[in-house]
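The values are calculated or read from the model by the stated rules, or taken from the named source; none is laboratory data. It should be emphasised that the depicted structure is a prediction, and the values quoted were computed from it without experimental measurement. With ideal geometry, Cβ positions are generated from the backbone for all residues, glycine too; neighbour counts draw on all protein chains shown.
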Ligand code: CP
């Protein structure tokens with residue numbers, strides 16, 4: 001785990017090790033995160049070329065809880081805006097004795113590219129690249145599911161909405177299949193599904209009312225308007241009527257189903273406020289869990305570099 005770029009190819013044993021490591025950072029009250037000296041003396045740079053609230057902040061908090069020195073660079077005010085290339089930016093940051101880059105970028109493959117070109121002692125963590133992958137989001141979602149459902153093997157999980165443009169959905173499908181859930185069901189209009197989606201290890205429904213039957217875990221997705229041509233944007237009211245999660249539709253799923261959303265949520269587009277803020281919602285718990293899971297991933301990546309030896 002020197003780099004953490006994708007869930008693809010990772011096995012259940014490694015994913016479980018990440019979840020267990022994250023668990024070890026949670027205090028006696030599950031609302032507390034321990035401060036540990038694991039990464040003291042290490043320097044982590046958050047490089048966010050795309051906007052973020054949850055991922056960037058929880059990576060920064062996670063680094064501080066690991067006792068690392070952490071800097072978050074705002075790309076909008078960096079020399080990238082003066083024409084400096086990605087590689088030159090990386091080379092200059094390397095010269096400041098960096099040990100890890102956490103990278104978010106709108107281009108799929110950007111984190112892989114940096115991992116291939118950065119110095120051999122530096123770890124790269126993918127914090128979301130284009131439509132490709134958001135592996136730490138998938139891990140914090142597994143962590144949250146395990147807190148509420150304990151055992152993955154009997155679960156039916158529905159991922160609902162804009163699967164086509166969602167890096168979260170891709171990583172989520174890989175992670176859920178790796179830990180061996182009974183079924184990953186995607187529920188979306190045909191226009192918001194990738195071609196050959198069945199080959200991704202999912203079942204498919206185009207009808208929310210039918211698709212929610214027997215579901216234990218509901219993962220709602222935002223319409224990724226920034227990745228859609230304006231002519232293809234669905235009408236928000238029409239979309240909500242067909243694919244928006246309301247209290248009435250939630251009753252079709254199992255009575256103890258949990259409702260998840262990676263955020264940011266668009267209230268009244270993919271989810272009704274009464275559901276987002278309701279008793280079955282674990283959306284804010286997902287956000288809290290981002291700290292422990294990102295601590296685990298950063299600590300495990302650095303240990304591969306010899307931290308603590
Ligand atoms: N879930 C997620 O990636 O949120 P941000 O874009 O706010 O980081």
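What the table below lists for this structure:
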| quantity | calculated |
| --- | --- |
| Residues satisfying the stated conditions in the stretch 148-187, i.e. assigned to a loop (DSSP other than H, G, I, E, B) and out of contact with any strand residue (DSSP E or B) (no Cβ under 7 Å at 6 or more places or on another chain) | 150, 151, 152, 153, 154, 162, 164, 165, 166, 180 |
| Which listed residue is surrounded by 23 or more Cβ atoms within 10 Å (Cβ to Cβ) and not assigned by TED's automatic domain parsing to the domain that holds residue 22, from 204, 184, 197, 179 | 184 |
| Qualifying positions in the stretch 65-102 - in contact (Cβ under 8 Å) with a residue 12 or more places away in the chain, assigned to a helix (DSSP H, G or I) and away from the ligand (no atom under 16 Å from the Cβ) | 65, 80, 86, 87, 89, 90, 93, 94 |
| Selection status of residue 292, buried (at least 19 other Cβ atoms within 10 Å of the Cβ) and either away from the ligand (no atom under 16 Å from the Cβ) or closer than 26 Å to residue 102 by Cβ (or both) | yes |
| Residues within the stretch 240-272 that are without any contact (Cβ under 8 Å) to a residue 40 or more places away in the chain and either surrounded by 13 or more Cβ atoms within 10 Å (Cβ to Cβ) or assigned to a loop (DSSP other than H, G, I, E, B) (or both), tallied | 9 |
| Restricting the stretch 104-120 to residues that are part of a helix (DSSP H, G or I) and away from the ligand (no atom under 16 Å from the Cβ), the residue that is farthest from the chain's Cα centre (by Cα) | 117 |
| Those residues of the stretch 4-57 which are under 18 Å from residue 298 (Cα atoms), crowded, with 17+ Cβ neighbours inside 10 Å, within 16 Å of the ligand (Cβ to nearest atom) and in the same structural domain as residue 90 (by TED's automatic domain parsing), in sequence order | 46, 47, 48, 55, 56 |
| Residue within the stretch 128-147 that is in the same structural domain as residue 38 (by TED's automatic domain parsing), in a strand (DSSP E or B), more than 14 Å from the ligand (Cβ to nearest atom) and crowded, with 20+ Cβ neighbours inside 10 Å present | no |
